[in-house]
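Below is one structure, written out as structure tokens; the observations come after it.
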Protein chains: 2
Amino acid sequence: MPRHKIIMLLYLLICAQICYSQNKSAMTKKFAIAIHGGAGTILKKNMTELQEKEYKQKLDEALNAGYVILEKGGSAIDATEAAIKIMEDSPLFNAGKGAVFTNAETNELDAAIMNGNTLEAGAVAGVTHIKNPISLAKLVMNKSEHVLMIGSGAENFAKQHKMILVDTSYFFDENRFNQLQKLKQTEKTKLNHSDEQGDISNFKDSKFGTVGAVALDQHGNIAAATSTGGMTNKKYGRVGDSPIIGAGTYANNNTCAVSCTGHGEFFIRNVVAYDVSALMEYKNMSVIEAANYVINEKLMKLGGSGGLIAIDKNGNIAMPFNTEGMYRAYKKSSGEIDVLIFKQ
Amino acid sequence: MPRHKIIMLLYLLICAQICYSQNKSAMTKKFAIAIHGGAGTILKKNMTELQEKEYKQKLDEALNAGYVILEKGGSAIDATEAAIKIMEDSPLFNAGKGAVFTNAETNELDAAIMNGNTLEAGAVAGVTHIKNPISLAKLVMNKSEHVLMIGSGAENFAKQHKMILVDTSYFFDENRFNQLQKLKQTEKTKLNHSDEQGDISNFKDSKFGTVGAVALDQHGNIAAATSTGGMTNKKYGRVGDSPIIGAGTYANNNTCAVSCTGHGEFFIRNVVAYDVSALMEYKNMSVIEAANYVINEKLMKLGGSGGLIAIDKNGNIAMPFNTEGMYRAYKKSSGEIDVLIFKQ
């Protein structure tokens, strides 16, 4: 072999080695995911051991659905979507299958997702035939120039992209329906998150909470996603904070990814998700300081109840809430993992 | 008259005097209002003198509708609503009567209003029978526990509060309809704000811009309001930034009141209205510094075109835009007034 060919071959081998090392290093970067299944009046004394186990198992399943994607080098967007789909498909949470009933005895679903790397976002509100609203939000982000689509218009977009629409009966749940009837009799709109859990039978009838996920992937990108059925007995096409970028959902690689749960109106008026980011960017707060300050000071002063999960580019996770409990879990590439419901 | 009665009478007279002075002092505090009628490719060479006069007259009328309310000691909320109603009732602007057509040949309107004193807010999206969406947004704020209502649900709320709904034909405008047909033929969705004004006849067919207002009243309270018909040829129930608290509309007595206009998706993803507030609160920027930074630096870097109007509690007004022009006007209790269209 001529000398110049040997040199060329050696050069290529060295290049390949560098490339492999770089990829390996990229692929061993830290990653993490955190999820929530809603915050509210969630007390240990009102739950059976079995109920607690059911919730923890489902949270664990959702957490791992996202985690395995991150572990394989997948994106934070895909990880948050996967985690949320598990919770949307479970009747335990107020999102997707478990969505609460509106006053008109329908189920109106909202969801949003945001990519911290590009600041791209997608959201849907008031959809009634979408099994996984989070996937439609992702479709809006990836396949349209828009951020927010509502009602039947959003569903036409779904159809055009071959997403299968489900019959409204998919969302029917007898217990939830009976709860609506009871609530209607009392003629009052009740926030699902602050539902009183007087006894276990009452709790059995309830499905608490918006669901959300935030993640950091091995490429250093973060993402946030949220999905909800809103308020039991809601009227007038009411939309809460979940599908509102900046209020219930926000992500920016420079600061953090945030997903909120709670009394939506307060979260909208206080632009909660973006406020955590702004405090980090403009006041140099850590993600934990910023998240705690917004939930436990700013929001508390105004009487807004709820919580949030947030992650920064280093995988630091905050999960503050000012209610009795919040279904929540996180898992980091360091091996750290926890699945929690009540105050610690 | 017994001595104690004389003392009592004197005491009451002094009290009345103090009371009068306090009221007088409160009523002579400074106040101001600013409005916009949309930003975009607005060039002097493409407008006739008559067109320019028409726009300036309508802006002046809207400005004064709000100003007289402030002058009489009315609220910033009422002043912004009054100014916007004038613009909604005019076919010159893309809001209310002048709303652009969707792809489905309907008119879908969005609006939001926020009270800087209480952080209360109201918004509607995707309504089709509401003559003055800004008044429905105010009704949502004042007469419901909610912030955002969408579609027919929002209209049911309007009906329940005796608001008169108009037939969809109210929004029909032949020029605008023809423009939609032309646009449909080219099979592309076109942002109303960045409409090319190739010649005067083309401009004649176009009605530019979201409308907005911000005001400071004599009680020291500020408010923001925005109303729009969205994008020409929009599909899928697309909603822009106007009805999104934090994105297109925001008000907080501690910082500023903001109303935006431009490429809505960029304004949502950058949480523009609240970002101006956050920069003032967390970075001690003035309203002018913060507004300029967001529109001319942050948004420009991402390719987001548009502008905003903002006012602080001292009546300082910012009106930055990164487009060729923005219909805008302001009037202060000091006597300062200006009605502008093009870059200065």
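A few comments on the model shown:
- Residues losing 30 Å² or more accessible surface upon assembly, region B:259-276, compared with the chain by itself, 1.4 Å: B:E265, B:I268, B:R269, B:V271, B:Y274
- Proximal lysines to A:K53, defined as alpha-carbon separation beneath 17 angstrom and excluding residues fewer than eight positions away on the same chain: A:K44, A:K45, A:K204, A:K207, A:K343
- Here the convex hull built on the C-alpha positions of region A:102-162 has a volume of 75 cubic angstrom per residue.
- Scoring B:179-185, A:225-231 by mean Cβ neighbours within 10 Å over their residues and listing the highest first yields A:225-231, B:179-185.
- Plainly put, the tip 7 Å out from Cα toward Cβ on A:G73 is 7.2 nm from that tip on each other copy, the closest given first.
- For region A:205-344, the ratio of Cα radius of gyration to the globular rule of thumb 2.2 N^0.38 Å stands at 0.99.
- Dividing the summed -39500 (n - 2.57) terms of all DSSP H runs of n ≥ 4 by the residue count of the protein assembly as shown sets its mean residue ellipticity at 222 nm at -11500 deg cm²/dmol.
- Counting Cβ atoms of other protein chains within 10 Å of each Cβ in B:157-163 and taking the mean gives 1.
- By the Stokes-Einstein formula, at 0.692 mPa s and 37 °C, chain B with its Kirkwood radius over alpha-carbon pairs has D equal to 162 µm²/s.
- Partners of B:K56 within straight-line reach, counting aspartates and glutamates whose Cα lies under 13 Å from its Cα and excluding those fewer than 8 residues away in the same chain: B:D338.
- Per residue, chain B exposes an accessible area of 40 Å² to a 1.4 Å probe, with every protein chain left in place.
- Modelled this way, with points 7 Å down the Cα-to-C-beta line, the labels at B:L50 and A:D167 are 6.1 nm from one another.
- Long hydrophobic helices in chain B, taken as whole DSSP H segments with a C-alpha length of 30 Å or more on their own axis and mean Kyte-Doolittle hydropathy at least -0.5: B:3-27.
- Region A:216-237 residues near the modelled A:K184 label - backbone nitrogen below 15 Å, point 7 Å along Cα→Cβ: A:232-236
- Summary of the geometry: region A:241-262 and region B:75-143, compared by the centres of their Cα atoms, lie 26 Å apart.
- Solvent-accessible area buried by A and B, counting both chains, probe 1.4 angstrom, square angstrom: 3500
- Quotient of Cα Rg and 2.2 N^0.38 Å for region B:39-84, N being how many residues it contains: 1.47
- Starting from the label point of A:N175 at 7 Å along Cα→Cβ, the same points in the other copies fall at 6.1 nm, in ascending order.
- Accessible surface of the protein assembly as shown, 1.4 Å probe, proportion on carbon and sulfur as whole %: 52
- A point 7 Å from Cα along Cα→Cβ stands in for B:K44, and the other copies hold the same point at 7.4 nm, listed in rising order.
- Exceeding the 25 Å Cα-Cα cut-off - candidates A:K72/A:K313; A:K138/B:K143; B:K131/B:K234; A:K143/B:K138; A:K138/A:K331: A:K138/B:K143; A:K143/B:K138
- Mean sequence separation of contacting Cα pairs (under 8 Å, at least six apart), scaled by the length of chain A, corresponds to a relative contact order of 24 percent.
- Inter-chain neighbour count for B:248-254: the average number of beta-carbon atoms from partner chains within 10 Å of each residue's beta-carbon is 1.
- Which of A:S277, A:S305 is most accessible, then next, and so on - probe 1.4 Å: A:S305, A:S277
- For the protein assembly as shown, the fraction of alpha-carbon pairs in successive 10 Å shells from zero, as %: 3, 16, 25, 24, 16, 9, 4, 2, 1, 0, 0, 0, 0
The values are calculated or read from the model by the stated rules, or taken from the named source; none is laboratory data. Because the structure is predicted, anything quoted here is derived from the model rather than measured. FYI the Cβ positions are ideal-geometry reconstructions off the backbone, even for glycines, and counts take in every protein chain you see. What goes into the accessible areas is simple: the full protein's heavy atoms, side chains included, and nothing from ligands, DNA or RNA. Shrake-Rupley method; radii C 1.70, N 1.55, O 1.52, S 1.80 Å.
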